[in-house]
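The values are calculated or read from the model by the stated rules, or taken from the named source; none is laboratory data. Note that the coordinates shown come from a computational prediction; the quantities given were computed from them, not determined experimentally. Methodologically, a virtual Cβ is constructed for each residue, glycine included, from the backbone with ideal geometry; neighbour enumeration extends over all protein chains shown. Ligands, DNA and RNA are stripped out before the accessible areas are found, and what is left, the full protein with its side chains, is counted by its heavy atoms. Shrake-Rupley method; radii C 1.70, N 1.55, O 1.52, S 1.80 Å.
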Amino acid sequence: MSMVKKAVVRLGFKTGEFVVYPSHGVGQITAIEEQEVAGFKLELFVVSFAKDKMTLRVPTAKAASVGLRKLADAESVTKALTTLTGRARIKRTMWSRRAQEYEAKINSGDLVAIAEVVRDLYRSEAQPEQSYSERQLYEAAVDRMTREIAVVDDVTETEALKKIEAQLAKSPRRAAKGEAAEAEAEIEGDNDDIQEEAA
């Protein structure tokens, strides 16, 4: 009799599978456990984030509401990589407001939204230095993209990062020194895609 452990499947997710948890990025379902909480049996996905040395337990019933999702498909990866070659869209709002929007996109778990953050905060050699908080958000977004593309494409994170950097090199912001100011001047003033949420 073989000792191969059969994968347990719940709600289309199975043990051993890589998934994306919006606020933490790529993790792996290592087990599906049952716990008793206040007399109720609760079924949980045990999601391990090896790089962060962290484990989360997500109630299977709440998986959809917390945004746990399968890895992006090849089409989504292509769309995200294409997004990187676009022109940066930077709104004329205060940095604190923009930073909140970037953070929300990173934590949305949506690969294309994360790619938009990478695109908008990318600086080529010729461009002005980034502030510390810009750099932090940029690196967080790149890290999320790198990890997911590495698992989807079955390549190392270094190779995934090279793919991302190659796409960024094609973006209109790879301005030569003299064009750096011009690139900065192309900041868009349109706020039409900001939807104010009713409080």
Those GluC sites (Glu not before Pro) in segment 103-132 that DSSP places in a loop and that have at most 11 other beta carbons within 10 Å: 125, 129
message: I'd like the accessible area for residue 18, computed on protein heavy atoms only with a 1.4 Å probe and all protein chains in place. Round to 10 Å², please.
response: 80 Å²
- request: Report the extension gain between residue 165 and residue 49 in nm, rounded to one decimal, defined as 0.36 nm multiplied by the number of residues separating them, less their alpha carbon distance.
  value: 39.3 nm
query: Between residue 71 and residue 103, what is the label-to-label distance in nm when each label sits 7 Å out along the Cα-to-Cβ direction?
result: 3.0 nm
- prompt: Quick one: ranking 51, 41, 91 by accessible area, 1.4 Å probe, largest first, what do you get?
  reply: 41, 51, 91
statement: The local net charge around residue 155, scoring Lys/Arg +1 and Asp/Glu -1 for residues other than residue 155 whose Cβ lies under 14 Å from its Cβ, equals -3
- request: May I ask you to list the residues of segment 56-93 whose amide nitrogen lies under 17 Å from a point 7 Å from Cα along the Cα→beta-carbon direction of residue 156?
  value: none
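Name the shape class, rounded, prolate or oblate, that the alpha-carbon gyration tensor gives for segment 72-182, where a ≥ b ≥ c are the square roots of its eigenvalues, rounded holds for a/c under 1.5, and otherwise prolate holds if a/b is larger than b/c and oblate otherwise.
Oblate.
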- request: Find how much the distance from residue 90 to residue 42 grows on full extension, using 0.36 nm per residue of separation minus their present alpha carbon separation; answer in nm with one decimal.
  value: 12.8 nm
field: Residue (of 31, 44, 19) at the positive-pole extreme of segment 11-68, dipole from beta-carbon charges
entry: 19
